[in-house]
Amino acid sequence: MKNIVILISGRGSNMQSIVRCIEEQAWPARVAAVISNKADAAGLAFASEHGIASAVVSNKDFPDRASFDLALQQAIDAYMPDLVVLAGFMRILTPGFVDHFAGRLLNIHPSLLPSFPGLHTHERALEAGVKFHGATVHFVTADLDHGPIVEQAVVPVLPDDTEETLSARVLKEEHVIYPRAVRLFVEGRLRILGNRVDVLPECAQQTEKVQA
């Protein structure tokens, strides 16, 4: 049974999708805790309703990023996570924090990386006139929004799209690919090879278990 800790800053809609998939699909995993940097994050109420432990580590209580990240790291480690999932966690993490959870820290970004890293992705996609947009699940590295890619989803950019309509279309796909990527990790089917992620077929993963 794998322990997952999910970090949020707001409603945590991706967190909710992951929790529901675990409950409905009976993964060999559990969400051990949901942690937020904001006490008023709506996702904390969802966690409580589903019997999931929650905690708040407010960045406002610390003088700098390094001290906040250290406190956050300690709060996460208390739940002995196999995987840490960023689900709308609106903080740039320090290299020390990222290194501590290397290979077990996932994020989802609302663009087809490496295009449009950072903020305002939907606005920038519309301004650039791209025909396709989407979302990317990736392992987190010290380089912002540039870690090895696990999953991507593509949506068309329509002539009458606004930031709101494009965002909604992308978010719908996020709720599909993020749980799928987390499940692949839980099942031991992800292998990081340099800046590439290979997905092992289910039969290969089962063979590895037998040989082990």
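I'd like to verify a number: residues in the stretch 14-59 that are in a helix (DSSP H, G or I), surrounded by fewer than 18 Cβ atoms within 10 Å (Cβ to Cβ) and not basic (Lys, Arg), how many? Give the steps one after another, and end with the answer.
Looking only at the stretch 14-59, we keep the residues that are in a helix (DSSP H, G or I), and these are 14-25, 43-49, 59.
Now restrict to residues that are surrounded by fewer than 18 Cβ atoms within 10 Å (Cβ to Cβ): 20, 23-25, 45, 48-49, 59.
If we keep only those that are not basic (Lys, Arg) as well, we get 23-25, 45, 48-49, 59.
Summing the residues that are in a helix (DSSP H, G or I), surrounded by fewer than 18 Cβ atoms within 10 Å (Cβ to Cβ) and not basic (Lys, Arg) in the stretch 14-59 gives 7.
Residues Val84, Val140, Val130, Val150: which one is touching a His at 6+ places or on another chain (Cβ under 7 Å) and either surrounded by 15 or more Cβ atoms within 10 Å (Cβ to Cβ) or without any contact (Cβ under 8 Å) to a residue 60 or more places away in the chain (or both)? Break it down stepwise before answering.
Values: Val84 fails: touching a His at 6+ places or on another chain (Cβ under 7 Å); Val140 fails: touching a His at 6+ places or on another chain (Cβ under 7 Å); Val130 fails: touching a His at 6+ places or on another chain (Cβ under 7 Å).
Criteria check complete, one pass: Val150.
For Phe97, state whether it is in a loop (DSSP other than H, G, I, E, B) and surrounded by 14 or more Cβ atoms within 10 Å (Cβ to Cβ).
Working: in a loop (DSSP other than H, G, I, E, B): no; surrounded by 14 or more Cβ atoms within 10 Å (Cβ to Cβ): yes.
It is false that Phe97 is in a loop (DSSP other than H, G, I, E, B) and surrounded by 14 or more Cβ atoms within 10 Å (Cβ to Cβ).
So, Lys172, is that one charged (D, E, K, R), closer than 25 Å to Ile6 by Cβ and either buried (at least 16 other Cβ atoms within 10 Å of the Cβ) or modelled with pLDDT of 95 or more (or both) or not? Walk me through how you get there before you give the answer.
On the way: charged (D, E, K, R): yes; closer than 25 Å to Ile6 by Cβ: yes; either buried (at least 16 other Cβ atoms within 10 Å of the Cβ) or modelled with pLDDT of 95 or more (or both): yes.
Taking the combined requirement at face value, the residue satisfies it.
Tell me yes or no: at least one residue of the stretch 73-81 is assigned to a helix (DSSP H, G or I), under 26 Å from His120 (Cβ atoms) and among the charged types (D, E, K, R).
Let us first name the residues in the stretch 73-81 that are assigned to a helix (DSSP H, G or I), namely 73-77.
With under 26 Å from His120 (Cβ atoms) added as a condition, the list becomes none.
Taking every residue of the stretch 73-81 in turn, none turns out to be assigned to a helix (DSSP H, G or I), under 26 Å from His120 (Cβ atoms) and among the charged types (D, E, K, R).
Counting only residues that are outside any loop (DSSP other than H, G, I, E, B) and charged (D, E, K, R), which one in the stretch 103-127 is surrounded by the most Cβ atoms within 10 Å (Cβ to Cβ)?
Start the filter on the stretch 103-127 by keeping residues that are outside any loop (DSSP other than H, G, I, E, B), which leaves 105-109, 121-127.
So of that shortlist, the ones also charged (D, E, K, R) come out as 123-124, 127.
Working: Glu123: 14, Arg124: 17, Glu127: 9.
Among residues in the stretch 103-127 that are outside any loop (DSSP other than H, G, I, E, B) and charged (D, E, K, R), the one surrounded by the most Cβ atoms within 10 Å (Cβ to Cβ) is Arg124.
Restricting to the stretch 175-194, what's the tally of residues that are buried (at least 19 other Cβ atoms within 10 Å of the Cβ) and either assigned to a loop (DSSP other than H, G, I, E, B) or without any contact (Cβ under 8 Å) to a residue 40 or more places away in the chain (or both)?
Matching residues across the stretch 175-194 total 1.
Listed here are the residues, each with its yes/no results for (1) closer than 27 Å to Ser167 by Cα; (2) hydroxyl-bearing (Ser, Thr, Tyr).
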site	(1), (2)
Met1	no, no
Ile8	yes, no
Ser17	yes, yes
Arg20	yes, no
Glu23	yes, no
Asp40	yes, no
Ala55	no, no
Asp61	no, no
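The values are calculated or read from the model by the stated rules, or taken from the named source; none is laboratory data. From a predicted model like this one, the values you see are computed outputs, not experimental measurements. Backbone-built Cβ (ideal geometry, glycine too); neighbour counts: all protein chains shown.
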